[in-house]
Each structure stands twice: as C-alpha cells, then as structure tokens.
Amino acid sequence: MRKTLPILLIGFFLTTNLFATRIQGTVTDDKGKPLAFASVLVKGTTKGTTASNDGKYFIDVDPGTYTISAQYVGYERVDKKVTVGTKNEQLDFQLSLLQLSLKEVVVRPGAEDPAYEIIRNAIKKRKGYENPLDSFTCEAYIKTLVRTRKLPKKVFGQKIEERDKKDMGVDSAGRGIIYLSESLTRIAYKKPNKIKLEVLSGRESGSSGFGFSFPTFINFYSNNVTVLGSQLNPRGFVSPIADGALNFYKYQYLGSFWEDGKEINQIKVTPRRKFEPLFSGTINITEGDWRIHSLDLALFKESQLQILDTIKIRQQHVPISREVWRTKDQVVYFTFNQFGIDAVGNFLNVYNKYEVAPSFARKFFNNVTIKYDTAVNKKTKAYWDSIRPIPLEPEEIRDYKTKDSLFQDRRDSAFSKSSIDSLRKRRGPIKFKQIVWTGFARTNYKPDPIIVRWEPVIRNLEYNTAEGLAINAGIGFDKRYPQKSKSLSVMTYYRYGLSNSHFNAWASINYSKRSFNWDENGGTVGRGSWTLSGGQQVVQFNRDNPISPLINSWYTLVYKQNYLKNYENRFVNLKYNHRFDAGLNATIGLSYEDRLPLENTTDFSVIEYKTRNFTPNYPFEQLTANFTRHQAALLQVDLSYRPGQKYIQFPRNKVPIGSKYPTLGFQYVKGISKVLGSDVNFDRWKFSVWDDVNLKLKGLLKYRFSIGGFLNSKAVFIQDYQHFNGNQLLFASQYTNSFQLAPYYANSTTASVYATAHLEHHFNGLLTNKIPGFRRLNWTLVGGANSFYVNKNNNYGELFVGVENIFKLFRIDFVSSYLNGSYNQTGIRLGLGGLIGGSVQVSR
C-alpha cells in the first residue's frame, strides 16, 4: 500500500485534469518579439503562469468564462475575456511599452524629485508588508537553466577533453545546456520566523538528482536582501525601500500608469555610490497603499557581487486577498565569465495555490527546514507535463530527451562487462606519476564497490632533525555497501627515517553505518563509526599538530630552524563516534601508548648559519632534557552540541545547515594510572563555545572562547600538558584556534584553570569600498585579537589587522603581541582568506 498509494494519488490527479481545458498562446511586444517570462494570470484569482523564454504559455482551467491578463514589467497590461468549453483555446497577447503620465507638479530649481516622497511612504509601510500574514502556504514551480557560451581548453590546469564536453552536453566550442532542472515545492510559513519547504517533486536532466529548489522568495520588503545565498555577498544587499535607503540611493520619478483603477508609480533607482551592495533599475509602487507592484533590478560587480558578473531580478506582485499582495512570479538572470568560462542562466519561479491562514499539524515546524519527498525524483514524464505551468522550449525538450536517454542507458548497463571494460580502458593503467606524486584510487566498479587507495611517496616526503629525510607511503581500501548505508575502511601507513634508520608502520580500521528511520514527524538519522588503530608512528608533542611537516622541512633545510618536535609512539586506540539527530556529536576513545624519545641525528641544512644551531628535539622551554620513556593509558571524551540545529532532509539522509545558536564543546581526558604499567595520573578538561555571526552590512564576526584546566595533575608528562597553538612561521596557523606570534611550547601548562579567547571580524567590503582604486580590487579588511591567560606570569595577547580576498584566495595580517603585560613583538603572517581561500582547509 505504501508504494501504490502515491501512484493512485498521481493517477487521480492526472484523471481530474483530463476534464480541464487549456488556454494557450504567445505573449509578444508590438513588434512581434517574444516577451520572455511574461506573467499570465486568471484575473480575480491567484491562478496564473509565466511564459517561456520564447513567450509561449498555457493555463489549464475548467469550462467557463474568464478574463486572462498578460503583463510584463515596463509594458502595459492587456486583459482579454475568453469563454472555453471542451476544446483548447488559442489566446495570443501583444503588449505595448508603457505610456507613462507625469503628475502635474511644480518642480522649482533645486526642489526634490516627487519620487522621494513616494519612497518615504513605501518605507513607512515596509515593516507591515514584510510578513503581512500570520501564516500561509503556496506552491512554487522552479525551473533552473545554465548554459555555457564558451569553455576554455583548461580549467585550473586540467584539460577539458572532448569526451568531457560530450558528457556535459555541449558542442566542440563549449556551447550548450550544462544544467537543467525543475522542481515543485510547497512553501509553508508561520510567524514569527518559521518556514518549511517540502520538495514534492524534482528532476535534473541526465541524472537522478532532485532538482534545484532555490531561491524561494527574494523579499525586497526586508531591509537587507539575500540573493541566491550569502556567497554572492555575505553582507547582503540594501533594499531600495529599506529604512535607511535614502542614504544609499538616488530616485527619479519616471511617471505613472493605471491598472484596475489603481495608479502605479514607476521609480528609477540609482546607487549614490559605486562599490556598495546596492541595486539599479526600476521599482513600481502603488499609489495610496505604497506596495511593490513589480520591479526590475540589477546587480553588477560594482555592487560588490562575488562569483557572478551580473544578476537581474524581475518580480510581479499580485493581490492574494483584499489586504495582502505576494510575489506571483520571479525571474533571476545571471551571467558568469571567469576562468575562461562564459555562462548564463536563469532561475524561474512561479507561485500558485496561495492559502491564507492554513492549519498545521502540531509538530509540522521542526528542525527540518527543507524536506524532500521520498519519491521526489521518481515522477513520470506524464506527471511533469501535467503540472508544469509553462511549456518547455525546444532546446530544453531535446536536452531532457538526449541526456535522460543516455543516463538510463548508462544506469541499465552500469555493471555490465562491456561498460566496466570501457571504464577501465578510459581509466588506463597506474602511472609512475600517480605512485610518486598524485596518488590514486581504483575501484572495481561493482554495486558494492571496493576502492583501493594509494598515498604518494614524493609528495609526502619530510625532513626533520630527528629522522633526516622521512619517506612516507600508505595503501588501503574501502569496502562500501550503499544499499545498507555502511562502509569498511582499512588503511596502512609506512614511514622510514634515513638518518636514524627507524621504520614505523601503523594501521587504522574504520567501520561506519548510517541509520535512517521514518516516524510521524519525518525522518531521524544517526551516524555511528568504530575506529581501531595501532602500530608505531612519529607524532608531535602537541597532538593538534600546529606545525605543517612540509613547512617545517623548508624552515629546517633553508633557515636551520627546527620548530617541529616529535617522538615515537607505539599505540593502540579504540574510538567510537556517534552523530545524533538533535545536533549532538559524541566521541569516546580508549588508548594505550608507549612513548619513546627521539634525539637529533642530523644537523644538515642547505644553508649554514654561523650564529644559528638546531635546538633539541623536545620542548626545551619546558624540559632541561628529553623525557624518559613511559606508558600512558588514556580515556578521552569529546562532546559538541549545537542547539537549534536545522536540517535538509533527503529521502535517505539528513544534512545540517546551521543554527542561530553557537556550538558548545566539552572535552575530558583521564590519565589512568597503574593500568598495564601506565605512568600517568591526571584529569584534564576544557569547555568551548564558538560561532560565526553574519552581521550583514557590518560584516562577519567569528569567535571562539574556551576555559579549562587540570582537576588532577599528579603525574603529567609533557605530551599531556595543555598546549597553546603557537606559530613562529611566516605562514599563518589556523585562524580562531591559534596564536600567530606565540611560541609553540613556552607557555604550556598544567594549571588548574586557564582561559583562551579568539575574536575575528571580517569587514567584507565595509570601509574599503570607500577607498578609490583599492575598492576596485575587491580586497577587504579583517581584524581581531587572540589571547590566553593562565596567571599573571603566564599570559599572552595579540592584536591583528589584515587584508583578505587578495585574488579571492590570499590574506596578509599585521600582528602585534604582548607577553605577560609587556610588548613582545610585531610580525606579518601570510595565509588563505577570502571568497575561495576562506573555504579551503589547509593541514598545518
């Protein structure tokens, strides 16, 4: 019954539509040119559609007499009455440019343009119109199209082969549709800020994807407007009718026109300054009630757009009740021309079936913000033809037909001998470059695949004063069971130091399983994994690994500075991790370690310095000699919890998407004495809170605060001290979790209480957009402070200011530090930061 009920419901839906009559036609201008995405409405109802790119439309109605309205921003609306029976009716529209009439006003020299008074009235009404309903539901049909006009021969050094172009669906010049999707989403809203999107159906050309279900409403009644997510500009964009809009925009009254006895004022919107997050274009405001009637606004690079080159937004608003207007259709056009890729696209949203004051189940609004139906991507072509409010264009029909056919053929033959042979031939044999430099992963192309992975040799070479040149390699495999949502991973690692002639080997076995269960409130997901590891390896004294082995190799060989301190560890570790549905992540681990000191065995460096020698291979700031060999039995518990965590729920998975609350973390480590000869005896704890707070126009604030210490410190070796992640290199260490000018081990402690603080503010264009010349680079400011406090004789602080988004990738900071209340030093740190660099995770 569970499988047949959706089919019966779809069948019923299709059957009832057989009795509807279709009104269809084309919307053009007075010269016969199609008006792409023109709005077509059944007057007096909320039913309507949007014309396709070539101006074609259709609406399914019951037999009767209707008035059909066609409108397009900047053109006069046309109403036509039509009586339909059992046969389809052809109804074409030809729209003329608006003939605006100017009000009879006396404009004295230097007097204010009438547009300003209209905008002031709209601003006064803005708050009431932002969310005028206590609750509502509607359906949104969303079609997404991305088309390339040119592709380069290489992208980031990777050659685009002809077969790759064929797979994407473009011609030899790189022209064609690379992404096409449709989705039908039910939107539910309830004050004050509860929203839920239920994706009822979705499809992607040439795949089994769910379609693109964003954006929903772009709300110009909000002071700060988010367009296609925060990546385009984390500051957001100032609405032309925001509370402070008069400080950002210039306005010009272009005239007015009439619809249904209501006067609509057309206002030209122009930014007062360049390089501010502002719109350009026209906005139409109704006279008297001062609502948005329609708009045609654009964003450019000078609007602080990131990634995209231009965005154009067109909206049409209609009344859905006597007192409430909502968006009827929305089209977002965009262009992208970077890295040699020239692409254009659009997101077309058509909103129907508005319901005011609906009733919701008690737990309808929960931690799931976006929910995909279990059969979201399993709808038939007939279903889509029945619910699609606009006709597909011929190019789109061909794209679906060609790519869906190829996808089906590949899926049907995915595990056939000929298909596997073809994939293996395309993959080719293992190359020498893969062994020594790039590494590789090879699969057997089975339904439950085995993937063999190899870690390259030369790329993982290290140099340190204890081992000399250290050769690393790793090989392992993954066994995956997609239908059972579980996997087994085995990885082995090998390391040999040429100077000390020590061979180290260790292995890790991981078993993970994901469970997903449905209940009356939706789905709950749990992810658990067991990890067993053991062997002998070389590790840093600070297990947070504050120093990159690669960078340490450079400093050791070129500058004769061996900051990295390491030792050998013979160990066995058993760990269990579980991610709960409510935003809780818990890890518990037991380990036993036999720790052996390593002494320097080489003093070679490429460049010799008369006044510089290598330091001992241990934290000499804390120890007068290397530690003695000892054993440690450890119990470690890590908890993190983010209250109010929101999720996207897919048919068989849930993905967290954040919360308005910060993340809370707790760590407890117990050194267990006299177990298998364990020499340690301590209890260490730490509580942390961290978050990223988007302050929109004011920038992005990141913070992390911690407090911790030792409840018991009877037997603590240097490896188990509380270390503060210092940095003595030119290259920046991890932001908001380290101290850019602090030493690595000089301040390590076993104190009963300590505290750390990290505060970082990304201005995201604030201030720098007012500096001529500099603002064109789109480089932005960042500033903040880091500090820790143990006692009056052990405390540290640093202030920094920097520039990021340099070529969208790099960041440079100027840092000044203070140790124990006195000035310490000033330095420069280079790192990654900005649009691309800020999202790159670098292992240091």
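The values are calculated or read from the model by the stated rules, or taken from the named source; none is laboratory data. Please read these numbers as outputs of a predicted model, since none were measured by experiment. As a convention, Cβ positions derive from the backbone with ideal geometry for all residues, glycine included, and neighbour counts pool all protein chains shown. To get the accessible areas, we keep the full protein, side chains included, count just its heavy atoms, and leave off ligands, DNA and RNA. Shrake-Rupley method; radii C 1.70, N 1.55, O 1.52, S 1.80 Å.
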Report task. Pairs only if they're at least six apart or on different chains, beta carbon under 8 angstrom, first in the stretch 323-335 and farther than 15 Å from Val356 by Cβ, second open to solvent by 40 Å² or more (accessible area, probe 1.4 Å) and aliphatic (A, V, I, L, M); list them, first residue then second. Result -> Val332/Leu228; Phe334/Leu228
Query raised in the report: Out of curiosity, is Pro152 within 30 Å of Asp171 (Cα to Cα), in a loop (DSSP other than H, G, I, E, B) and either open to solvent by less than 60 Å² (accessible area, probe 1.4 Å) or touching a strand residue (DSSP E or B) at 6+ places or on another chain (Cβ under 8 Å) (or both)?
Result: yes
Report task. Quickly run through the stretch 480-531 and pick out the residues that are at pLDDT below 95 and farther than 28 Å from Ile450 by Cα. Result -> Trp518, Asp519, Glu520, Asn521, Gly522, Gly523, Thr524
Report task. For the stretch 355-368, enumerate the residues that are open to solvent by 30 Å² or more (accessible area, probe 1.4 Å) and either under 30 Å from Phe37 (Cα atoms) or among the basic types (Lys, Arg) (or both). Result -> Glu355, Val356, Ala357, Arg362, Lys363
Report summary line: Scanning the stretch 224-267 for residues that are part of a strand (DSSP E or B) and of a type in the set (A, V, I, L, M, F, W, C), the one most open to solvent (accessible area, probe 1.4 Å) turns out to be Trp258
Requested in this report: Would you check which residues across the stretch 582-604 are closer than 30 Å to Gly644 by Cβ and not in a strand (DSSP E or B) and list them?
Outcome: Ala582, Gly583
Report task. Quick one: in the stretch 62-78, of everything that is of a type outside the set (Gly, Ala, Ser) and in a loop (DSSP other than H, G, I, E, B), which residue is farthest from the chain's Cα centre (by Cα)? Result -> Pro63
Report summary line: For Arg273, the lone unmet condition from (1) in a strand (DSSP E or B); (2) of a type outside the set (Val, Ile, Thr); (3) surrounded by fewer than 22 Cβ atoms within 10 Å (Cβ to Cβ) is (1)
Query raised in the report: Taking the stated definitions as given, is Val199 under 26 Å from Asn352 (Cβ atoms), β-branched (Val, Ile, Thr), open to solvent by less than 40 Å² (accessible area, probe 1.4 Å) and outside any loop (DSSP other than H, G, I, E, B)?
Result: yes
Report summary line: The condition of being among the hydroxyl-bearing types (Ser, Thr, Tyr), within 30 Å of Ala582 (Cα to Cα), at pLDDT 95 or above and not in a loop (DSSP other than H, G, I, E, B) holds, among Tyr647, Tyr668, only for Tyr668
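Conditions (1) out of contact with any Leu (no Cβ under 7 Å at 6 or more places or on another chain); (2) of a type outside the set (Ser, Thr, Tyr); (3) touching a residue at least 40 places away in the same chain (Cβ under 8 Å), marked per residue:
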{"position": "Trp530", "(1), (2), (3)": "yes, yes, yes"}
{"position": "Gly534", "(1), (2), (3)": "yes, yes, no"}
{"position": "Val539", "(1), (2), (3)": "yes, yes, no"}
{"position": "Asp544", "(1), (2), (3)": "yes, yes, yes"}
{"position": "Ile547", "(1), (2), (3)": "no, yes, yes"}
{"position": "Tyr559", "(1), (2), (3)": "yes, no, yes"}
{"position": "Lys565", "(1), (2), (3)": "yes, yes, yes"}
Query raised in the report: Where residues in the stretch 571-590 are open to solvent by 20 Å² or more (accessible area, probe 1.4 Å) and of a type in the set (Gly, Ala, Ser), which of them is farthest from Asn500 (Cα to Cα)?
Result: Ala582
Query raised in the report: Val753 versus (1) open to solvent by 60 Å² or more (accessible area, probe 1.4 Å); (2) touching a strand residue (DSSP E or B) at 6+ places or on another chain (Cβ under 8 Å); (3) under 30 Å from Ser839 (Cβ atoms): which is the lone unmet condition?
Result: (3)
Report task. Considering each residue of the stretch 83-93, count those that are surrounded by fewer than 16 Cβ atoms within 10 Å (Cβ to Cβ) and not acidic (Asp, Glu), and give that number. Result -> 6
Report summary line: Taking the stretch 769-800 and keeping only residues that are surrounded by fewer than 19 Cβ atoms within 10 Å (Cβ to Cβ) and modelled with pLDDT under 90, one is left with Lys770, Ile771, Pro772, Gly773, Phe774, Arg776, Leu777
Report task. State whether one or more residues within the stretch 467-487 are open to solvent by less than 20 Å² (accessible area, probe 1.4 Å) and not in a strand (DSSP E or B). Result -> yes
Report task. Report yes if Asn542 is open to solvent by less than 40 Å² (accessible area, probe 1.4 Å) and not in a strand (DSSP E or B), otherwise no. Result -> yes
